[in-house]
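Any read-out appearing in this document is the output of simple, stated calculations on the displayed coordinates, not a laboratory observation. Keep in mind that this is a model prediction, so the values were computed, not measured. Quick reminder, even Gly has a Cβ in these numbers, built from the backbone with ideal geometry, and neighbours come from all protein chains shown.
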Amino acid sequence: MSTRIPIRIELEALNSRMIELFERSLRKHSAIEECYAVTGNTDYLLFVSVNEIQEFEAIHRNILSKLPGVKTIKAEFPLRRVLPT
């Protein structure tokens, strides 16, 4: 059973060149299922699905950390569903 992982990305700079470069790079990776530009403390919200933690580690090491302009990567792992029950 796979787990869907939300990932928050903050870019080093928010200018049109960096945004275009980052977004174009995302499209090359099928492991990234969804991506949203967001407001708040981060710039993008991405989703990946993994079957085990080692799979996420590989995505983090081989894809996310190599995307252009990335300043921070924050992933949130769901422990258990509270609602709906």
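Each Cα pair under 8 Å and six or more residues apart adds its sequence gap; the mean of these over the residue count of the chain is a relative contact order of 47 percent. The phi torsions of the range 35-41, fed into the Karplus equation with coefficients 6.51, -1.76 and 1.60 and a -60° offset, translate into couplings of 8, 10, 6, 10, 9, x, 6 Hz, rounded to whole numbers, with Gly and Pro shown as x. With the charge dipole of the range 3-75 set up from +1 on Lys and Arg Cβ and -1 on Asp and Glu Cβ about the Cα centre, the Cα lying farthest toward the positive end among the listed residues ILE19, PHE56, ALA37 is that of ILE19.
How big is the Rg/Rh ratio for the chain, C-alpha atoms only, Rh by Kirkwood, two decimals? Before the final figure, lay out each step's value.
Working: Rg = 13.3 Å, Rh = 13.5 Å.
Radius of gyration over Kirkwood radius for the chain works out to 0.99.
Suppose every K and R has +1 on its Cβ and every D and E has -1 on its Cβ; what is the size of the dipole of the range 3-75 about the Cα centre, in Debye to the nearest 20?
Values: 10 positive and 10 negative charges, 35 e Å.
It works out to roughly 160 debye.
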